[in-house]
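Peer 1: Sending over a structure as structure tokens; questions will come in a sec.
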Amino acid sequence: MNGFWLGRISQMNAPLRGRTAHPATPRALWARPLGALCLLASCGAAQPPDAGPPDFSGRALDTVESTGRHYSVEVRTWPQPPRKGLGWAELRVSDASGAPAAGLSLDVLPWMPAHAHGTTVRPTVADSGTGIYTIGNLLFFMAGHWELRTTIGPDFNDVAVASFDVN
Ligand SMILES: [Cu+2]
């Protein structure tokens with residue numbers, strides 16, 4: 001009886017041992033990005049989504065050209081990457097020549113294309129006078145893929161559509 005089971009176990013283990021011994025390098029390779037992911041996750045968790053004041057010093061989350069090609073818009077969010085709940089965005093708008101575009105009237109609409117809905121909360125827009133606009137009261141009430149649709153007036157009413165995932 002013992003002999004039978006020992007034999008069975010060693011037979012079952014033999015191919016397993018061979019498999020785990022071989023891919024030592026691939027395993028080490030994908031253990032590293034996994035470790036980096038865990039680090040990122042714990043970093044994000046330390047900061048509540050609505051922690052202020054907003055910090056827009058990081059890299060742009062998205063850079064988009066407006067529909068009529070009159071403007072280019074760099075989009076940063078806070079928190080970044082954006083998370084479910086109330087958040088902020090900063091739009092750095094430049095004109096076709098690359099100069100900061102100040103004094104625009106922006107109408108910002110958070111939009112979820114997969115569900116064809118926006119939000120009932122109206123975002124606020126603060127013009128710094130230097131082509132940098134701070135958007136407040138951005139409510140991403142669901143996780144998923146969102147757009148930030150910005151109509152840029154008063155001259156051309158171009159639309160700039162940034163898109164990103166909200167977690
Ligand atoms: Cu939705």
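Throughout, read-outs are computed from the coordinates displayed, never taken from laboratory work. Because the structure is a prediction, the values reported are computed rather than measured. Note: ideal-geometry Cβ built from the backbone for every residue, glycine included; neighbour counts use all protein chains shown.
Peer 1: With the condition being away from the ligand (no atom under 14 Å from the Cβ) and over 17 Å from Phe56 (Cβ atoms), I'd like the strands (runs of 3 or more DSSP E) fully within the stretch 92-167 carrying at least 1 qualifying residues.
Peer 2: It comes to 105-111, 144-153, 158-166.
Peer 1: Restricting to the stretch 122-131, name every residue that is under 19 Å from Val161 (Cβ atoms) and touching a Phe, Trp or Tyr at 6+ places or on another chain (Cβ under 9 Å).
Peer 2: Val125
Peer 1: Can you say whether His145 is free of Cβ contacts under 8 Å to residues at least 40 places away in the same chain and in contact with an Asp or Glu (Cβ under 6 Å, 6 or more places away or on another chain), as far as the supplied structure shows?
Peer 2: For His145, the condition - free of Cβ contacts under 8 Å to residues at least 40 places away in the same chain and in contact with an Asp or Glu (Cβ under 6 Å, 6 or more places away or on another chain) - is met.
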